[in-house]
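Asker: Following this message is one structure expressed as structure tokens.
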Amino acid sequence: MRNFLLSACLVASAISLQAGIIFTREAPGVQQTSVVGAAVETFDSLTPGPLGVYNSPIGTYSSGGQIVVGNAYGGSNQSLYVAVGAQSNTVEMTLTFTTLKAYFGFYWPAGDALNRLDFYREGLLLATFSVGDIIAGLPAAYFGNPNTGVNTTEPYVFLNFTASDLNSRFDKVVFRNISTVTGFETDNHSTFDQIPDDTSTPEPSTYAMMASGLAGLILFARRRASR
């Protein structure tokens, strides 16, 4: 019984680690957060070029990003945006918050397989998301720049990342691109301290992880009982 309880706790912890931060998406063409009261960094007041350490109203950005004029690959409504990868010749940029956040949203245009987003709390990695998570089941309406109609092979989507409980809140987000061959373009970074009311549906990958974990628990229990 003790071994079963330990195994159950370990599986439950794994589910919590992965599902603790749940992502949802806005409707096609939406390029800003729908969370009322969220603080937003649009980057529109900055000068195009390398982004050094930047104390934004929503948090502190490390050096490594590049402020880019809106083009086929990024910029909500063709405005300025921030990128790492090909545009900056760097592979990483961090955004550190002064308080724990329960929500982070941003416009993710021209997503490709090298883009990564990591969530941390006190140095502990809570979750990692890639464009593969986003593309899974994504309708065709999300593909192509909604402002210009070009680049129809890549997704353009506003994503909401929400802590499922207080223990899943985070204090740092890391934007990574696996190489400098492609770019990781983002815009309209949005934060909120409290867990917002959200009636949208969690992505299928979240349900799949939870169902898989629960199925593992049931199978383990049956095997223990048969012995």
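Since every read-out is calculated from the coordinates, none of them should be taken as a lab result. Predicted model, so just to flag it, every value in this text is computed and none were measured. When we count neighbours, we look across all protein chains shown, and the Cβ atoms used for this are built from the backbone with ideal geometry, even at glycine.
Asker: In which sequence would ILE178, ILE134 go, from the one with the fewest C-beta neighbours within 10 Å to the one with the most?
Answerer: ILE178, ILE134
Asker: Using only the alpha carbon atoms of the stretch 21-201, find the Kirkwood hydrodynamic radius as the inverse mean reciprocal pair distance, in angstroms to one decimal.
Answerer: Mean inverse Cα-Cα distance, inverted, gives 16.0 Å.
Asker: Residue by residue through the stretch 33-39, what is 3J(HN,Hα) from phi via Karplus (6.51 cos²θ - 1.76 cosθ + 1.60, θ = phi - 60°)? Round to whole Hz and write x for glycine and proline.
Answerer: Once θ is set to phi - 60°, the couplings for the stretch 33-39 become 5, 9, 7, 5, x, 5, 7 Hz.
Asker: Sticking with this structure for a sec: Search the structure for amide H atoms under 5 Å from the amide H of SER56, placed 1.01 Å from N in the peptide plane, and list their residues when 5 or more places away or on another chain.
Answerer: Hits under the 5 Å cutoff: TYR61.
Asker: Whole-Hz ³J(HN,Hα) for each residue in the stretch 171-182, computed from phi via Karplus 6.51 cos²θ - 1.76 cosθ + 1.60 with θ = phi - 60°, x for glycine and proline: what do you get?
Answerer: 10, 7, 10, 10, 9, 10, 10, 4, 8, 9, 6, 10
Asker: While we're on this one: Could you list which residues have their amide H under 5 Å from that of ASP193, counting only those 5 or more apart in sequence or on another chain, with H placed in the peptide plane?
Answerer: The list, which skips near neighbours in sequence, is ALA102.
Asker: From the phi of every residue in the stretch 132-148, what ³J(HN,Hα) in whole Hz does the Karplus formula 6.51 cos²θ - 1.76 cosθ + 1.60 yield, where θ is phi - 60° and glycine or proline is x?
Answerer: x, 5, 7, 5, 3, x, 6, x, 4, 5, 7, 8, x, 4, x, 8, 10
Asker: Sticking with this one: Near the amide H of ALA86, under 5 Å away, which other amide H atoms are found, from residues 5 or more places off or on another chain, if H is placed in the peptide plane?
Answerer: Those lying under 5 Å, H to H, from ALA86 are THR182, GLY183, PHE184.
Asker: Ok, one more. Would you mind estimating how fast the stretch 32-106 diffuses translationally, via Stokes-Einstein at 4 °C and 1.567 mPa s with the Kirkwood radius over Cα pairs, in µm²/s?
Answerer: 99
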